[in-house]
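Undergrad: What follows is a structure written as structure tokens; I'll ask about it next.
Nothing in this text is a laboratory measurement; each read-out follows from the coordinates by a stated rule. None of these values were measured; they are calculated from a predicted model. For neighbour counting, all protein chains shown are included, and Cβ atoms are generated from backbone atoms with ideal geometry for every residue, glycine included.
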Amino acid sequence: MQRLFTSPYDYGYHEVVVSCPSGRFSDVDISRNVAEISFFESITKPYITGNIIIADSSNISNHVNFMGQEYIDIKMFDPDKTKFLEKRFVVTGVTRQAKANDHSSVILLTFVEEHVIISEMTRFSRTYEGKPEQIISDILNDHLGVSVRSDISSQDTLRYIAPYTHNPLQMIMEISKRATSVNGAPFYLYSSLHEDGLIFESLETMLGSTRVSDKVFNYSAGTGAAIDQEIDITSRQIKTMSIANNESSTHLFKNNVYGAQYLWLDTSKDIPTELRYRFTEGINKMPKVNDTINYDAQFTLNDKAYHEGVSSINSQIVTASLFDNINSLNEEIISDDHLKKAEAKALRSLMAKTQMDITLPGYRFMQKQSIIGKMIDIFVPKNIAIEDETNNIERVSDKKLTGKYMIFGTRHFFKNTKYSVVMNITKYDNKKNLSQETVNAV
């Protein structure tokens, strides 16, 4: 059966219903009034946010009387009328409302997943025991009614006393930052637009995950509208590419990425554990998806490489044996496990070192498959005029920008039956032959 796409940006149609369980108003289908919908995902946030623009010429604002206390159910369909997305959200506010003319207004609403609002209303104190992923799962199930798909962390069984001062999401984010892999990789707790519940994954898992497509996505300034027989190619064309605030060594120094001194003090025994973190020791344990770490270990100032410096001295009280037979949240049995916390902190900051935003057609993302935290392979041509036709991709490839990236965050943007995905993608290594590039050479 031939798919009904005329452009890789086509998405079909949407269904949007606003409701209120209190019966304040009757359910209203605003599908015809919706001008734009955006969804935002990030591996740093355990929830999805979004906004929606309504062109109101039907007295919707008076009928609903938006208070930030309404459900909004959204379904998205592809041109073949196949549903590829269905989510319920809670309206969190009217960001802007403007009269378009005497008889209509434009309303911008913001929304969020409902477990965020439940979390804001919840405070409790209770003792939990287990590995970090088990405690996170227990808190989510007990108080937010949300499931979680988890990797296995390297931590031993912990005892966590949930404080009244935190809501459940604050608690689980605190615990998630405590978790590391065997190699000191950080964990991320996030929500996916195409998956129910939350996901708790290590950076290592993400870097080793399958790509969102087995084909390369290409940047081309000549990207245009697709015709049916070209859609496989045009659906992989990067429409825009933007790079900002990359390779910031000052940011990395401030966040202890290159090198730092750590002191963990056991007040029960008055015994300090002092360890030195060096960038080269932590990063070399991580997967190299593009070949070579984006760091010059031979570059020195005052005869000292960046990773031999001490950008800060960090102290933390980690009272050992706070409980008789189980670790507290920040306690470790051996000193090397403390060092994993330093490595995880550095790797979190490192993921902001080489980032870019790219815009792609939505064609390949209209499926019930999470793309956040996955890998994507992109090709970018180098900054040089090409004087002759060539089929040698390596000759014209920008080896700094071309490669495999992890999808860090996304904006899914729907407007006028067109679907675009803006991806924030990141990597920390380059192609090995980048060092062989010369100026003005093709």
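Undergrad: Per residue of the stretch 165-176, what does 6.51 cos²θ - 1.76 cosθ + 1.60 with θ = phi - 60° give for ³J(HN,Hα)? Whole Hz please, x for Gly and Pro, Karplus curve as stated.
TA: Per residue, the Karplus-derived 3J(HN,Hα) values read 6, 10, 8, x, 5, 5, 4, 5, 6, 4, 5, 5 Hz.
Undergrad: How big is the equivalent ellipsoid of the stretch 13-114 along its three axes, where each semi-axis is √(5λ) from the Cα gyration tensor, reported in whole Å from largest to smallest?
TA: 21, 16, 14
Undergrad: Restricting to the stretch 249-348, compute how many DSSP beta bridges are antiparallel as a %, nearest 5.
TA: Roughly 65 percent of the beta bridges in the stretch 249-348 run antiparallel, per DSSP.
Undergrad: Please work out the C-alpha center-to-center distance from the stretch 400-442 to the stretch 139-202 and express it in whole Å.
TA: 29 Å
Undergrad: Post the alpha-carbon centroid distance, the stretch 246-311 to the stretch 328-342, in whole angstrom.
TA: 17 Å
Undergrad: Give me the percent relative contact order of the stretch 249-348, please, defined on Cα pairs under 8 angstrom at least 6 residues apart.
TA: The normalised contact order for the stretch 249-348 reaches 39 percent.
Undergrad: Determine the equivalent ellipsoid of the stretch 321-408 by diagonalising the alpha-carbon gyration tensor, then write out the semi-axes as square roots of 5 times the eigenvalues, largest first, rounded to whole Å.
TA: They are 44, 19, 10 Å, listed largest first.
Undergrad: Skipping prolines and chain starts, which residues have an amide H placed within reach, meaning under 5 Å, of the one on Ser397, given they are 5 or more residues away or on another chain?
TA: Lys382
Undergrad: Out of all DSSP beta bridges with both ends in the stretch 147-252, state the antiparallel percent to the nearest 5.
TA: Rounded to the nearest five, the antiparallel share is 55 percent.
Undergrad: Counting DSSP beta bridges in the chain, what percent are antiparallel, to the nearest 5?
TA: Percent antiparallel among DSSP bridges in the chain is about 85.
Undergrad: Efficiency by 1/(1 + (r/R0)^6): what FRET value for His103 and Glu308, r their Cβ-Cβ distance, R0 = 51 Å, to the nearest 0.05?
TA: The formula returns an efficiency of 0.15 here.
Undergrad: Something else: Sequence-distant or interchain residues sharing an amide H contact under 5 Å with Asp80, placed H: which?
TA: So Asp80 has HN proximity to Leu4.
Undergrad: Also: If the reach is capped at under 19 angstrom between alpha carbons, list the aspartates and glutamates near Lys374, excluding any in the same chain fewer than eight residues apart.
TA: Correct list for Lys374: Glu41, Asp151, Glu195, Asp196, Glu201, Glu204, Asp214, Asp291, Asp357, Asp429.
Undergrad: Extending each Cα 7 Å along its Cβ direction at Ser435 and Val17, get the distance between those two points in nm, one decimal.
TA: 6.1 nm
Undergrad: Once phi is turned into ³J(HN,Hα) by the Karplus curve 6.51 cos²θ - 1.76 cosθ + 1.60 with θ = phi - 60°, what whole-Hz value does each residue of the stretch 193-210 show in order, with x for glycine and proline?
TA: Whole-Hz 3J(HN,Hα) from phi for the stretch 193-210: 5, 10, 9, 6, x, 9, 10, 10, 10, 7, 4, 4, 4, 4, 5, x, 6, 5.
Undergrad: Restricting things to Cα coordinates, could you compute the convex hull volume per residue of the stretch 249-348 in Å³?
TA: Hull volume normalised by residue count: 113 Å³.
Undergrad: Ok, one more. Over 29 Å between Cα atoms: which of Lys353/Lys415; Lys81/Lys382; Lys177/Lys304; Lys215/Lys399 fall into that group?
TA: Lys353/Lys415; Lys81/Lys382; Lys177/Lys304
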